[in-house]
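I have placed the structure first, in the form of structure tokens, so that the comments after it can refer back to it.
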Amino acid sequence: MLSISSPIAKSLDGVADSMADALKENKFHMKKSFARFVSSGKRMLKPHDIMSELENTIEDKAERGKVMQGLLGYILTATKEAAVVPPYVALAVRPSPGVWEYVRVNADDLVVDELSAADYLKLKETVFDEDWATDEHALELDFGAFDYSLPKMTLSSSIGTGASFITRILSSKLSGSSESANPLLQHLLALNYHGEKLMINETMDSVEKLQTALIAAEVYISALPRDTPYQYFDQRFKDWGFEKGWGANAGVVKDTLRIASEVLQAPDPANTELLFARLPAVFNIVIFSIHGYFGQSDVLGLPDTGGQVVYILDQVRAMEEELLHRIKNQGLSIKPQILVVTRLIPEAKGTKCNQELEPVFGTKYSNILRVPFRTEKGVLRQWVSRFDIYPYLETFAQDVAPKILKLMETKPDLIIGNYTDGNLVASLLAEKLGTTLGTIAHALEKTKYEDSDAKWKELDPKYHFSCQFTADMIAMNAADFVITSTFQEIAGSKERPGQYESHAAFTMPGLCRVVSGVDVFDPKFNIASPGADQSVYFPYTDKSKRLTSFHPAIEELLYSLHDNDEHIGFLADRKKPIIFSMARLDTVKNITGLTEWYGKSKRLRSLVNLVVVAGFFDPSKSKDREEIAEIKKMHSLIQEYQLKGQIRWIAAQNDRYRNGELYRCIADTKGAFVQPALYEAFGLTVIEAMNCGLPTFATNQGGPAEIIVDNVSGFHIDPNNGDQASNKIADFFEKCKKEPDHWNKMSAAGLKRIHECYTWKIYADKVLNMGSIYSFWRQLNKDQKLAKQRYLQMFYNLRLRNLVKQVPIPDELPMQVHEAGPEDIAKPAPTDDTTVTQPPKKDEPSKLSRPSSSFAWLDRLSGIPQLLFLTWLLIILLVLYSMRKLHQILV
């Protein structure tokens, strides 16, 4: 499980043995170093602390270099943290992604002991809460104990390929005898839609009968033209025990029959995967996204509302399109249903978030179902932060279940959760309905705040991390499969642990000690990268689709010589290409870093202009301390490097249609997109820019390093080396001057990379395959699944429910309303199979960022305030009317 290039792997020893030998070789320096580590008493050391202490101890640079180049240097570099409890220093060493070993070094004699995860965490707890560390009754959680008999991957390079791994395991399990293939027969017999059998019926009561029927059917079907409709031989197939679902015509049916025969005879991974992709197993999907304002217009920029909403709406359109394609190929006339379940917010701020049922634009059979948060006092009117949402989730799950069943008229085939709250509710509902569960984290908060697990007590009053991390643990372990966007989201990189990986073993002193939380080698983890909406982000060369109505506004946005509320700075030389970046204005996104690189590089400034879209210009308009500091820094850099005439700073833009056309207008200048973040989990703007044909330079820290193949489909830049990054960008534009076709080649290579790996079609295909494969896998391992569910139920009931009671509920008067039962829910309007379309048209400005109504301001009044307002308005109108009548009488 160690990296093959690591010195530890080459020595075939574990970290403990390797470190003992390495310490002996460097005894003089290490005696001093470890004495220095423990000299300040109990504390935690991060990698930079360890390196700093070594530099201060081993002052001779050559001597220090000698130590660091050897085995000891490798181990210390791979150490991600160290717990110091004199005389001991405990190291958490990560030789390769997903692999952790723990050792304890006695600073007095340099004796090394190997530690278990539990022993390491106890030593770490001593730094924060010694009473908890020594408490024999401290709660220890070991979710891995339930997975001991399930197969796990062993290679770091295999992490995130769970579905493929499982098809290989299934190929092995199904081979050998008829008895081995019986679970597959039972799975096929269970396939149905509203009670109507699909694929096979009860006459196929043995694997042998199925095999014989498959051979006879394939011989028969081979004599028919490939385009013969299924209806032509429907009755013949029924007599053999087959039902609909094999295909729409003889050609598709023949291929499916052959694949099924191959799997029953001698299964191999390729055919096994193909068979599950063709099975009619998924028609009805429920997706949970609860926090924030979930809507299709006027919501971006509202609290807790951003990329997740865009992701899910694009996801729904792609999945419905793929479902319709599959159903047609299967020869079925079923209408799939996708239901996005979110919170109904009475105080909707002019949005449609107070509307119970809303069709999803661009779909035929997908809807948004909104259900309010309810307390003992009634319905909660106002928005609630995602950190304060936990007291409402259990009741929400109870209220949602009957509404879903009423709308769908059946149980969903697949439930997908999003973020902590959506994943928790999805896990509760999936357990209740016995449905396959997929989860998507989007962001795991534990990795955003240093030591937020160990210091949870300090952060809990503001963030309620005790609830959040507990809910994350429950949802991760309840999930049948986990969808991620990148490898780095799961297992990080060589230098940095992944978001999920950080939940492998951690402690929350006073609450619980997680000795085995989640294993990134578990085959439940899958990478399915999202794409960009092709109707919004398409190549600049596609002239017929260009949104030309935006061009005057974009011309003003880029080239107007006057500052205003939307842009400052100007571009004196319009003939220069533009390097462009768009992101939040915070430290991690590093927009100020890009500005400084540009300001320092005379060569780059002579070649290109700089345009950035980020944040505000006026610090007083921001409430975020970090953003305020970055705004001030931007102004300072523009002044310091005298950038006016070469930079355009544009305020944050929320209209995705105009943003898409803005990317293309930048491409018209033969410019490039630059994503300079210090770390980026995925990099959706990278996908958007490449979709529009812009050559792209992106950070090598995080997801963009996976999206771009360096110097082939774009360029990696090191955000910690500005000079190198600016030179790499300048080299590209100088080469474009000498070889005019070079820009076109890189643009085309970027588009090719996107179309091969990063489209919503690819995403939808992968996720629906997961739904089919993991439904079978779940059934195959139902005993282990049930045991783990019981453990999770205990943890939920005895721990999380008590933690939730400590989260304060806002002091307001909830709205008293009739508690609608499932029969009260508005049904979707009867469909004529036409798609609900979404604006804008080709030459029509987008309405996404405009108020939905001239009276949207009135929506902000609700309950008693709105009633009082309307009453006073009525009184005023009556008084005016009476005065007019009196005037007429007197005259």
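Data overview
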read-out	value
Elements of type helices (runs of 4 or more DSSP H) contained in region 1-57, each with 2 or more residues being at pLDDT 90 or above	15-25, 27-39, 47-57
Yes/no for Lys238 being among the charged types (D, E, K, R), crowded, with 22+ Cβ neighbours inside 10 Å, modelled with pLDDT of 95 or more and outside the structural domain of Gly362 (by TED's automatic domain parsing)	no
Ser156 within 25 Å of Val93 (Cα to Cα), touching a residue at least 60 places away in the same chain (Cβ under 8 Å) and crowded, with 19+ Cβ neighbours inside 10 Å	yes
Which listed residue is modelled with pLDDT under 95, closer than 23 Å to Thr685 by Cβ and buried (at least 21 other Cβ atoms within 10 Å of the Cβ), from Leu585, Leu610	Leu585
Region 124-139, residues that are assigned to a helix (DSSP H, G or I) and surrounded by fewer than 15 Cβ atoms within 10 Å (Cβ to Cβ)	Glu130, Asp131
Residue pairs meeting the criteria (Cβ under 8 Å; at least 6 apart or on separate chains; first outside any helix (DSSP H, G or I), in region 779-798; second at pLDDT below 95)	Asn781/Leu150
Inter-residue pairs, beta-carbon under 6 Å, first in a loop (DSSP other than H, G, I, E, B) and in region 277-306, second among the acidic types (Asp, Glu), 6+ apart	Val282/Asp413; Phe283/Asp413; Ile290/Asp421; His291/Asp304; His291/Asp421; Gly292/Asp304
Within region 535-554, tally of residues that are without any contact (Cβ under 8 Å) to a residue 40 or more places away in the chain and either of a type in the set (D, E, K, R) or crowded, with 17+ Cβ neighbours inside 10 Å (or both)	2
Lys728 among the basic types (Lys, Arg), at pLDDT 95 or above and assigned to a loop (DSSP other than H, G, I, E, B)	no
Condition check for Tyr774: under 30 Å from Pro704 (Cα atoms), assigned to a helix (DSSP H, G or I) and either at pLDDT 95 or above or not acidic (Asp, Glu) (or both)	yes
Residue check for Asp255: within 38 Å of the chain's Cα centre (by Cα), charged (D, E, K, R) and under 29 Å from Gln337 (Cβ atoms)	yes
Identity of the residue in region 250-293, of a type in the set (Phe, Trp, Tyr) and out of contact with any helix residue (DSSP H, G or I) (no Cβ under 6 Å at 6 or more places or on another chain), that ends up nearest to Leu414 (Cα to Cα)	Phe283
Single unsatisfied condition, Phe146 versus (1) surrounded by 15 or more Cβ atoms within 10 Å (Cβ to Cβ); (2) closer than 30 Å to Leu76 by Cα; (3) in contact (Cβ under 8 Å) with a residue 60 or more places away in the chain	(2)
Residue count, region 366-386 (criterion: touching a helix residue (DSSP H, G or I) at 6+ places or on another chain (Cβ under 6 Å) and free of Cβ contacts under 8 Å to residues at least 40 places away in the same chain)	2
Some residue of region 489-512 being more than 18 Å from Glu81 (Cα to Cα), of a type outside the set (D, E, K, R) and buried (at least 23 other Cβ atoms within 10 Å of the Cβ)	yes
Only listed residue being at pLDDT 95 or above and surrounded by fewer than 22 Cβ atoms within 10 Å (Cβ to Cβ), chosen from Asp472, Asp460	Asp460
Restricting region 160-189 to residues that are farther than 14 Å from Glu262 by Cα and at pLDDT below 95, the residue that is surrounded by the most Cβ atoms within 10 Å (Cβ to Cβ)	Lys173
Matching strands (runs of 3 or more DSSP E) fully within region 500-597 where at least 2 residues are closer than 20 Å to Leu694 by Cα	578-582
Enumerated helices (runs of 4 or more DSSP H) restricted to region 405-483, each holding at least 1 residues that are within 20 Å of the chain's Cα centre (by Cα) and among the charged types (D, E, K, R)	419-433, 465-478
Region 578-610, subset in contact with a helix residue (DSSP H, G or I) (Cβ under 7 Å, 6 or more places away or on another chain) and of a type in the set (Gly, Ala, Ser), residue nearest to Leu637 (Cα to Cα)	Gly599
Test result for Tyr74, under 35 Å from the mean Cα position of the chain (by Cα), in a helix (DSSP H, G or I), aromatic (Phe, Trp, Tyr) and not assigned by TED's automatic domain parsing to the domain that holds Gly14	no
Selection from region 275-327 of residues that are surrounded by 20 or more Cβ atoms within 10 Å (Cβ to Cβ) and among the small types (Gly, Ala, Ser)	Ala281, Ser289, Gly292, Gly295, Ala318
All positions within region 591-606 that are of a type in the set (Ser, Thr, Tyr) and surrounded by fewer than 21 Cβ atoms within 10 Å (Cβ to Cβ)	Ser601, Ser606
Glu243 in contact with a strand residue (DSSP E or B) (Cβ under 7 Å, 6 or more places away or on another chain) and modelled with pLDDT of 95 or more	yes
Condition check for Gly295: touching a strand residue (DSSP E or B) at 6+ places or on another chain (Cβ under 9 Å), at pLDDT below 95 and farther than 30 Å from Leu184 by Cβ	no
Every pair of residues 6+ apart whose Cβ atoms lie under 7 Å, when the first sits in region 621-648 and is assigned by TED's automatic domain parsing to the domain that holds Asp563 and surrounded by 16 or more Cβ atoms within 10 Å (Cβ to Cβ) while the second is among the aromatic types (Phe, Trp, Tyr) and in a helix (DSSP H, G or I)	none
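Here is a yes/no grid of residues against (1) more than 22 Å from Gln296 (Cβ to Cβ); (2) in contact with a Leu (Cβ under 9 Å, 6 or more places away or on another chain); (3) without any contact (Cβ under 8 Å) to a residue 12 or more places away in the chain; (4) not aromatic (Phe, Trp, Tyr):
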position	(1), (2), (3), (4)
Arg656	no, yes, no, yes
Gly660	no, yes, no, yes
Tyr663	no, yes, no, no
Ile666	yes, yes, no, yes
Phe673	yes, yes, no, no
Tyr679	yes, no, no, no
Gly683	yes, no, no, yes
Val686	yes, no, no, yes
Asn691	no, yes, no, yes
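The values are calculated or read from the model by the stated rules, or taken from the named source; none is laboratory data. Since the model is a prediction, treat every value here as computed from it, not as a measurement. Here the Cβ is made from the backbone with ideal geometry for all residues, glycine too, and neighbour counts use every protein chain on show.
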